[in-house]
Amino acid sequence: MLRLFSLPLTGAVALLASGWLLLSEQTGMPLTPVEFTGQLGRLRDQLADVPPPATPSDTEYADIEQAVHDRVNEYRAEQNLPPLTLDPRISEIARKHSEDMAAGRVEFGHDRFEARVQAIARTVPYRSAAENVAYNQGYPDPIAQAVQGWIDSPGHRVNMEGQFNLSGVGVTRTADGKYYFTQIFVRKLL
């Protein structure tokens, strides 16, 4: 029997590339190429039966993002403001920021906002832009919690009520159930 310390198949290859030797449990000797190939085949078969981790699907994230967008537009309608158009190019950039915050690659907040706006400018000529971010955990309706938090915050509310015509929303969830939200508002040049 071979122990791979619960690493996926690519991990086993990475171990070999790093100079590690895989030893047989029975003999303690390095595996021959034939033994190694056989072990990898058995490992691949075992991994085929393992379900993927339970995370929201891309469709579920898209549904959450659409729901955030819809709630913000409902609020704008209550304020007699025109609706925002959801732009998938802006949503992709917003989603990446949410993912970066969730993974700890950037602090929660608006770090690198200028870079996100520059990325948007490559495909959408714009006059102005703004951003709202939120995170929450443990609420029965994380969408309502995020949007209501923005409404209750004067700075975030100003962005929601701004003279924008496009928006992008990006959402992700960590393994422990924390949701990260980013909404970018854009006034497109007409």
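The values are calculated or read from the model by the stated rules, or taken from the named source; none is laboratory data. Just so it is clear, the model here is predicted, and its values are computed rather than measured. Neighbour counts run over all protein chains shown; Cβ positions are idealised from the backbone, glycine included. Accessible surface areas use protein heavy atoms only, side chains included; no ligands, DNA or RNA. Shrake-Rupley method; radii C 1.70, N 1.55, O 1.52, S 1.80 Å.
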message: Can you confirm whether Asp100 is open to solvent by less than 30 Å² (accessible area, probe 1.4 Å) and without any contact (Cβ under 8 Å) to a residue 40 or more places away in the chain?
response: yes
- prompt: Is one or more of the residues making up region 170-182 open to solvent by less than 20 Å² (accessible area, probe 1.4 Å), farther than 18 Å from Phe108 by Cβ and in contact (Cβ under 8 Å) with a residue 24 or more places away in the chain?
  reply: no
- request: Name the single residue, out of those in region 64-97 being more than 15 Å from the chain's Cα centre (by Cα) and of a type in the set (D, E, K, R), that is surrounded by the fewest Cβ atoms within 10 Å (Cβ to Cβ).
  value: Glu78
Number of the condition not met by Glu99 [criteria: (1) in contact with a Lys or Arg (Cβ under 7 Å, 6 or more places away or on another chain); (2) part of a helix (DSSP H, G or I)]: (1)
statement: Note on region 127-160: residues surrounded by 14 or more Cβ atoms within 10 Å (Cβ to Cβ), touching a residue at least 40 places away in the same chain (Cβ under 8 Å) and either of a type in the set (D, E, K, R) or not in a helix (DSSP H, G or I) (or both) are Ala129, Ala130, Glu131, Asn132, Val133, Ala134, Tyr135, Asn136
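Return yes when Val124 is surrounded by 15 or more Cβ atoms within 10 Å (Cβ to Cβ) and over 13 Å from the mean Cα position of the chain (by Cα) and no when it is not. Spell out how you get there, then give the answer.
Values: surrounded by 15 or more Cβ atoms within 10 Å (Cβ to Cβ): yes; over 13 Å from the mean Cα position of the chain (by Cα): yes.
For Val124, the condition - surrounded by 15 or more Cβ atoms within 10 Å (Cβ to Cβ) and over 13 Å from the mean Cα position of the chain (by Cα) - is met.
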field: Complete set of residues in region 169-190 that are outside any loop (DSSP other than H, G, I, E, B) and under 16 Å from Ile143 (Cβ atoms)
entry: Val169, Gly170, Val171, Thr172, Arg173, Tyr179, Tyr180, Phe181, Thr182, Gln183
